[in-house]
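Every number here is computed from the coordinates shown, using simple stated rules; none is lab data. A quick note: this is a predicted structure, and the numbers were derived from the prediction, not measured. Cβ coordinates were reconstructed from backbone atoms using ideal geometry, including for glycine residues, and neighbour counts include every protein chain displayed.
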Amino acid sequence: MFEPPTLEHPVRVMIFGACRETWYAASDREREEQALPALRSLLDDWRAMGLDLIASFDDDYFLVGQPGSLQYAFFILAEVESVERLVTIVNRARTTVDGLRADRWFRFEARAGRRLFLLDN
């Protein structure tokens, strides 16, 4: 039986990610020394900020270059304690840390929702 949704805690979130044009224009050295460290730092900080990883998915088996139909190439399914915490986590992507900003190389979008009520997980 369907029950109208209510905000549950922790909040289930899906983070969509894709490389920006700067990634594709970068040299291998720029990717290794700037882009990937920026992403690693961001992901580490997200976990430290309370992003509880459930699963991840990278669409790179059958996608080369910028994503077209879905506009995103990698996805993170996680939970956070609150919507306010999610706002803080998303903002970290546009923050300079150790001279690097993840949003220079990658773009992100977050959606908040809940577990599909017909499934156990």
| request: Would you check if there is a residue in the stretch 43-56 being within 23 Å of N91 (Cα to Cα), among the small types (G, A, S) and over 12 Å from the mean Cα position of the chain (by Cα)? | output: yes
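Residues checked against (1) under 11 Å from the mean Cα position of the chain (by Cα); (2) farther than 17 Å from P37 by Cα; (3) surrounded by 19 or more Cβ atoms within 10 Å (Cβ to Cβ); (4) of a type in the set (A, V, I, L, M, F, W, C):
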| position | (1), (2), (3), (4) |
| --- | --- |
| Q71 | no, yes, no, no |
| N91 | no, yes, no, no |
| T96 | no, no, no, no |
| F108 | yes, no, yes, yes |
Against the definition (surrounded by 14 or more Cβ atoms within 10 Å (Cβ to Cβ), more than 29 Å from P4 (Cβ to Cβ), in contact (Cβ under 8 Å) with a residue 60 or more places away in the chain and under 13 Å from the mean Cα position of the chain (by Cα)), how does L86 come out, yes or no?
no
Inspect all residues belonging to the stretch 43-50 and state whether any of them is surrounded by fewer than 17 Cβ atoms within 10 Å (Cβ to Cβ), outside any helix (DSSP H, G or I) and touching a strand residue (DSSP E or B) at 6+ places or on another chain (Cβ under 7 Å). yes
